[in-house]
Ligand code: PAF
């Protein structure tokens, strides 16, 4: 596995590979790799002749300095995981490489980025869009792979890629869960054993709601009450939001139908977990 740290070097590598007719799959990450990332890597490796993974903790997408500070960093371990997953190139730029002095262009994403994560983490998606476009311009991949746990992020990236004529297929990969249903996330590492035992309740409730709404249409208000009461009565978690939205437009809806997604954010102390299910 080759490790590349500069934008110019990855651009040269990528042009040479494309000239040689190779397809390039790309998985952007912020490190602290887990089995959810490994699933993205495997899809990319299976579908492309070359796979690039980037590790870059993007300060621009953190609206909260303590969250950025607390974000887990474990480069040594990540290198081993990437190697084991047959990644060809690990792109690990430092902050000065991505945001050199004088950097001043931020992508501003429209309505799709304004509710849910966008509302609760102001500026988050502008930061995500900016770094993803920079990474796509650096790696110039054939396809780029994202996890469906970050449902709104995938929608935002599809929108930006379409709007800015970026020639890259965006592939979304189903959420990987632990044996109790908890969606894998780098943030899970910060949960205490008690919180880790309670957090799967997020998916237990979402799954219950999905099954109920397959047989009867449910109002968003009923779903919101059921979920919030369920979390707050049986765990130490606090619901930040539960939104029931159209899966394509992400606009809030009043009653469920096929093509509805339920998105949630739950705090366990200072750890924020997100999840979603589509009906
Ligand atoms: O999903 C993530 O880990 C990040 O938001 C991403 C896409 C790597 C951009 O920093």
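Bear in mind that the values in this text are calculations on the coordinates, not laboratory data. Owing to the predicted nature of the structure, the values given are computational and were not obtained by experimental measurement. Every residue, glycine as well, gets a Cβ built from its backbone with ideal geometry; the counts of neighbours run over all protein chains shown.
Tabulated data
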quantity: Candidate set: the range 115-128, residues that are surrounded by 13 or more Cβ atoms within 10 Å (Cβ to Cβ) and assigned to a loop (DSSP other than H, G, I, E, B); chosen: the one nearest to the ligand (Cβ to nearest atom); calculated: 121
quantity: Selected residue (only one of 133, 160, 139 is within 13 Å of the ligand (Cβ to nearest atom), surrounded by fewer than 19 Cβ atoms within 10 Å (Cβ to Cβ) and within 30 Å of residue 16 (Cα to Cα)); calculated: 133
quantity: Only listed residue being within 14 Å of the chain's Cα centre (by Cα) and free of Cβ contacts under 8 Å to residues at least 40 places away in the same chain, chosen from 167, 186, 108, 172; calculated: 172
quantity: Whichever residue in the range 87-105 is surrounded by 12 or more Cβ atoms within 10 Å (Cβ to Cβ) and part of a loop (DSSP other than H, G, I, E, B) and, among such residues, is farthest from the ligand (Cβ to nearest atom); calculated: 88
quantity: Residue that is farthest from the ligand (Cβ to nearest atom), among those in the range 23-71 that are farther than 19 Å from residue 127 by Cβ and assigned to a strand (DSSP E or B); calculated: 50
quantity: Only listed residue being outside any helix (DSSP H, G or I) and over 24 Å from the mean Cα position of the chain (by Cα), chosen from 211, 217; calculated: 217
quantity: Candidate set from the range 145-154 (those that are buried (at least 22 other Cβ atoms within 10 Å of the Cβ) and more than 9 Å from the ligand (Cβ to nearest atom)); member that is nearest to residue 120 (Cα to Cα); calculated: 152
quantity: Cβ-Cβ under 6 Å pairs, at least 6 apart or on other chains, the range 54-71 side more than 22 Å from residue 5 (Cα to Cα), far side within 9 Å of the ligand (Cβ to nearest atom); calculated: 63/124
